[in-house]
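The values are calculated or read from the model by the stated rules, or taken from the named source; none is laboratory data. Since this is a predicted model, take the numbers as computed values, not measurements. A quick note on method: Cβ atoms are made from the backbone with ideal geometry, for glycine too, and the neighbour counts reach across all protein chains shown.
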């Protein structure tokens, strides 16, 4: 289990994250839920080692992880990037498998990911020519082929249509069932409700709630705001 405690990030007088604390459980799909500007990407960048936090720590089973150890525990997949734009999707997937190892099992896994994310028609397309949704699926495939036990994926459903969103949700659930832990930053609450086991509600750089839908609903009801769905729970608690 990973435990994030007191994570804080400031930009001058602006506090982007304030004393953020939550846990990541093995094999779960954890949804980081919040509107644009709530601090989701900043949190991922601090966890993934892109930004240094001003305070706080990340622990594994009670032991603090040094910054250089986080890359072995977590792989951060940013939103809105187009790596190797002149290279094909096939090249990027082969590079990922080759970089992390070229065992036959990993090759079979790559073929499975291509099938699950319907990437076969795109394999020979340069990444820079893909649409937003196509690029999102290709990058998610890269993330799923990396070995760290925790994958941090920023807005994995952005740019996808309804059918693609459902297929991606099914793929993510399938990978979680094999033991991979997924932390997904999501601003569309319907997508979060479809795929996540638990949720961290983030607003204004602060955690406003953490738990399953049932647990968060109980908190909302205790505050006098019974909620029938995740959207109402979020509004009640933030």
- request: Say whether the condition of being assigned to a helix (DSSP H, G or I) and either at pLDDT below 90 or surrounded by fewer than 18 Cβ atoms within 10 Å (Cβ to Cβ) (or both) is met by at least one residue in region 48-63.
  value: no
- request: Quickly run through region 175-186 and pick out the residues that are part of a helix (DSSP H, G or I) and out of contact with any helix residue (DSSP H, G or I) (no Cβ under 7 Å at 6 or more places or on another chain).
  value: 176, 177
task: Kindly indicate whether residue 78 is at pLDDT 90 or above and loosely packed, with under 14 Cβ neighbours inside 10 Å.
output: no
task: State whether the residues of region 194-206 include one that is surrounded by 15 or more Cβ atoms within 10 Å (Cβ to Cβ), out of contact with any strand residue (DSSP E or B) (no Cβ under 9 Å at 6 or more places or on another chain) and either within 30 Å of residue 114 (Cβ to Cβ) or without any contact (Cβ under 8 Å) to a residue 24 or more places away in the chain (or both).
output: yes
query: In region 158-174, which residues are part of a helix (DSSP H, G or I) and within 13 Å of residue 140 (Cβ to Cβ)?
result: 164, 165, 167, 168, 169, 170, 171, 172, 174
task: Within region 8-42, count every residue that is touching a helix residue (DSSP H, G or I) at 6+ places or on another chain (Cβ under 8 Å) and more than 15 Å from residue 208 (Cβ to Cβ).
output: 5
- prompt: In the list 118, 79, which residue meets the criterion of being touching a strand residue (DSSP E or B) at 6+ places or on another chain (Cβ under 6 Å), under 21 Å from residue 169 (Cβ atoms) and in a loop (DSSP other than H, G, I, E, B)?
  reply: 79
query: Does residue 226 satisfy being in contact with a helix residue (DSSP H, G or I) (Cβ under 8 Å, 6 or more places away or on another chain), under 27 Å from residue 93 (Cα atoms) and either modelled with pLDDT under 95 or in a loop (DSSP other than H, G, I, E, B) (or both)?
result: no
query: Looking at (1) surrounded by 15 or more Cβ atoms within 10 Å (Cβ to Cβ); (2) modelled with pLDDT of 95 or more; (3) touching a strand residue (DSSP E or B) at 6+ places or on another chain (Cβ under 7 Å), which is the one condition that is false for residue 91?
result: (3)
